[in-house]
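Report on one structure; see the data block that follows.
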Amino acid sequence: MDSFIQHLSELYRYRGLIKNLVARDLKARYKNSVLGFAWCLINPLMMMVVFTLVFGVLMRNNIPNFPVFLLIGLLPWNLTAGSVMGSMNSIIGNGHLIKKVYFPREILPISMVCSNLVNFLLACVVLAAMLLVFRVELSPLMLYFPVILLIHVIFLLGLALLFSSLNVFFRDTEVIMEVVVLAWFFMTPVFYNIEDLTSTFSRLMYILNPMASIISTYRLVLLYHSPPAAEFLLRTLATSVAVLLIGYWFFLRQAPAFGEEV
């Protein structure tokens, strides 16, 4: 326990480095781009239009305010996919830093999650505009949003720490995860309503797929103005914390060998 607290205090001392790495990643992502950071707003809008045409027009559904419904699923999913896939090379891609300078190695995948979080928060401007366009009523339950986002980020930090360290030793991890993330997308209720599945499958999805619970909770408070059940929220939080602890434990155990492998 003392060792864990020491690692956290060390991370706090290096918080300036996290900010610099996040800024570096954001600048590199939009370097030589004409629209720059505006892509944070344009990209989710373009995806929403495409998915609405396919699943809302060509394949009709009975979901009210489907573009908003879809966007509330797409934005958290983009945050998840970007954090998981982006963190894969966070250690390998910074091998020159690891070999030359000492700093807590976990800063690298953490900064990748943070840079995707910045993109997510900027894209939420589009979501706010869509809520107004479709006249979705504002509700005090929207104050749950930061709580849900915190649970979401805790979950992503655990995955980023786990897969970034795993990819150092098994370079096939990134290739495998590309397929896994694609399958995960279709198994997550991004463009469909989980309640439309049979009760057995929907219950199983909530148990096995934390992103199903997270996206459904976003929709509950932002679109349906319904408070999430306390036990449901606590179970999702417990799952996210467990993933973070496992990921961090695995990362710290493997970190001493990073210098030799990268």
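Within region 82-97, how many residues turn out to be under 14 Å from the mean Cα position of the chain (by Cα) and assigned to a loop (DSSP other than H, G, I, E, B)? Can you show your working first?
So in region 82-97, the residues under 14 Å from the mean Cα position of the chain (by Cα) come out as 82-88.
Cutting the leftovers down to assigned to a loop (DSSP other than H, G, I, E, B) gives us 88.
The total comes to 1.
Criterion first (modelled with pLDDT under 85 and on the phi > 0 side of the Ramachandran plot) does Gly56 satisfy it? Spelling it out, it is not the case that Gly56 is modelled with pLDDT under 85 and on the phi > 0 side of the Ramachandran plot. Every test in (1) crowded, with 22+ Cβ neighbours inside 10 Å; (2) within 23 Å of Val118 (Cα to Cα) is passed by Val168 save one, and that test is (2). So is Tyr144 of a type in the set (Ser, Thr, Tyr) and more than 30 Å from Arg24 (Cβ to Cβ) or not? Yes: the conditions hold for Tyr144. Among the residues examined, Arg105 qualifies as under 21 Å from Leu26 (Cα atoms), more than 16 Å from the chain's Cα centre (by Cα) and among the charged types (D, E, K, R).
Conditions (1) more than 18 Å from the chain's Cα centre (by Cα); (2) under 21 Å from Phe55 (Cβ atoms), marked per residue:
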{"position": "Leu141", "(1), (2)": "yes, no"}
{"position": "Gly158", "(1), (2)": "no, no"}
{"position": "Arg171", "(1), (2)": "yes, no"}
{"position": "Val175", "(1), (2)": "yes, no"}
{"position": "Trp184", "(1), (2)": "no, yes"}
{"position": "Pro189", "(1), (2)": "no, yes"}
{"position": "Met211", "(1), (2)": "no, yes"}
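Within region 152-171, is even one residue more than 23 Å from Gly86 (Cα to Cα), part of a helix (DSSP H, G or I) and either of a type in the set (Val, Ile, Thr) or at pLDDT below 90 (or both)? No, region 152-171 contains no residue that is more than 23 Å from Gly86 (Cα to Cα), part of a helix (DSSP H, G or I) and either of a type in the set (Val, Ile, Thr) or at pLDDT below 90 (or both). The helices (runs of 4 or more DSSP H) falling completely within region 172-262 that include 3 or more residues that are at pLDDT below 95 and surrounded by 14 or more Cβ atoms within 10 Å (Cβ to Cβ) map to 172-186, 199-208, 210-222, 230-254. For Leu122, the requirement of being under 23 Å from Arg15 (Cβ atoms), surrounded by fewer than 18 Cβ atoms within 10 Å (Cβ to Cβ) and touching a residue at least 24 places away in the same chain (Cβ under 8 Å) is met.
Does Phe169 satisfy the criteria of being among the aromatic types (Phe, Trp, Tyr) and under 30 Å from Phe4 (Cα atoms)? Full working, then the answer.
Values: among the aromatic types (Phe, Trp, Tyr): yes; under 30 Å from Phe4 (Cα atoms): yes.
Yes, satisfied.
The values are calculated or read from the model by the stated rules, or taken from the named source; none is laboratory data. Predicted, not measured: the structure shown is a model, and the values here were computed from it. Cβ atoms come from the backbone with ideal geometry, glycine included; neighbour counts cover every protein chain shown.
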